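Colleague: Let me begin by handing over the structure; questions about it come next.
What follows draws every value from the coordinates through simple rules; no lab data is involved. Model, not experiment: these values are computed from the prediction. Positions of Cβ are backbone-derived with ideal geometry, glycine not excepted, and every protein chain shown enters the neighbour counts.
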Amino acid sequence: MPLHLNEFQQPQLTGYVQNVPPAREYLLASFMPEEPVYDINFAYNVINGKYAPAASITGWNASAPLRDTAEQERAFGQVAKVQHGFRLDETQLLQYNRPRAEQEANAVIEGIYTSTDELSQGVDDIKEYLRAQVIYNGRLVYNDDENDIHLDIDFGMPAENKLTATTSWGDVGATPLSDIQVAVEQFKKMNQRQKPVVMHITSATEALLLNNEQIRTQIYGKDNGQRLLTKTDVQNAFNALGLPPYQINDDVIVVGDEEVQLLDDNKIVLLGADLGKTMIGPTVENNYAPGKFAKPSIKNDPPEQSVIVGETAFPALKRKKAIVTMSV
């Protein structure tokens, strides 16, 4: 049986998933880096002078909808357990134990490692999904009808930080540079004159900038002959006006069976640094310590072997004022 091998015992397999490098770059991880906590419940101070709503997540054994409640001095949360797994069915067990060639048994072993890598990536993906919900939307909404887990947590982003462009950027006469200047001023107003470090947009939003007359005039003057703009042109225009550089986030995460775009098209998000932490909590499977775990399981009736990979994580937003969004 493949999961009887020493390399697939829980300590070895857990050590393996904890050292699997990320399959891709997660743009929001630097804004909310991971921080270990040694209790399921944690408390974090809100550093901008006002206190965020409490986020109470009980995705262990509870089945009630989860709502936020006010708290006077601190924002409290509970890390959510995220996990999934795969199973080896009877056919794969037969291929390993009664192989027609040595390569067939080796293929099952390689398949276990490949599937474990995919599970580990899935855990990383859901952490980025949680961060995106909080940073881009100011609200964490998650519904899992199968497991009866329902989250609806408002992190209290200031209403004045949610702006709308004067004219839709897809329309003639749109002024995105002026709109972004307004958004930057709002950010500075809420953050002691500090500027945002970056602006996140999607490729669809970038396409509107690349076809905008205000930016073309800024670069080439009024008699520009409708010259084509490049990405470098747009970044240079931003730099000349003292606007933050922009970064494209087209990432899509599969949640359940549905692909979810992390950042909506026609939306810009101005970000400050050090927005908060991604709290990583302990699990029984990881010997009561924070971090990923991998748990092999062997059953006999019917014959089945499986691997579960998981972690506990919660996006703790501290600097809610350091995020300004604009619908464009």
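Colleague: Which residues' amide hydrogens lie under 5 Å from the amide hydrogen of Ala289, considering only partners 5 or more residues apart or on another chain, with H built in the peptide plane?
Modeller: Residues meeting the criterion, in which the H sits 1.01 Å from N, are Thr283.
Colleague: Taking the Cα atoms of the range 159-248, what is the range of coordinates along each of the three principal axes, in descending order and whole Å?
Modeller: Here the spans come out as 41, 23, 23 Å, largest first.
Colleague: Highest mean first, how do 275-287, 124-136 rank when packing is the count of other Cβ atoms within 10 Å averaged over residues? Let's see the in-between values first.
Modeller: Values: 275-287: 19.9, 124-136: 22.5.
Output ranking for 275-287, 124-136: 124-136, 275-287.
Colleague: Could you sort 16-29, 259-272 so that the peptide with the highest average Cβ count within 10 Å comes first and the rest follow in order?
Modeller: My ranking of the peptides, most packed first, is 259-272, 16-29.
Colleague: So what is log10(I(q)/I(0)) for the range 200-311 at q = 0.12 1/Å, when the Debye sum runs over its Cα atoms only?
Modeller: Scattering profile of the range 200-311, log10 relative to I(0): -0.68.
Colleague: Which order do the peptides 306-317, 167-178 come out in when sorted by mean C-beta neighbours inside 10 angstrom, highest first?
Modeller: 306-317, 167-178
Colleague: Which FRET efficiency value, to the nearest 0.05, do you get for Asn239 and Ser297 by plugging their Cβ-Cβ distance into 1/(1 + (r/R0)^6) with R0 = 41 Å?
Modeller: Efficiency, from the Cβ-Cβ distance: 0.15.
Colleague: Can you give me the distance in nm between label points at Ile248 and Ala207, each placed 7 Å from the Cα along the Cα-to-Cβ direction?
Modeller: With each label placed 7 Å out from Cα toward Cβ, I get 1.1 nm.
Colleague: Could I ask something else about it? Where Lys and Arg each count +1 and Asp and Glu each count -1, what net charge lies around Pro11 among other residues with Cβ under 15 Å from its Cβ? Show your work: numbers first, answer last.
Modeller: Details: positive: Lys292, Lys295; negative: Glu7, Glu285.
So the environment of Pro11 carries a net charge of 0.
Colleague: From the phi angles alone, apply the Karplus equation (6.51, -1.76, 1.60; θ = phi - 60°) to the range 137-142 and give each ³J(HN,Hα) in whole Hz, x where the residue is Gly or Pro.
Modeller: After applying 6.51 cos²θ - 1.76 cosθ + 1.60, I find 10, x, 8, 9, 10, 8 Hz.
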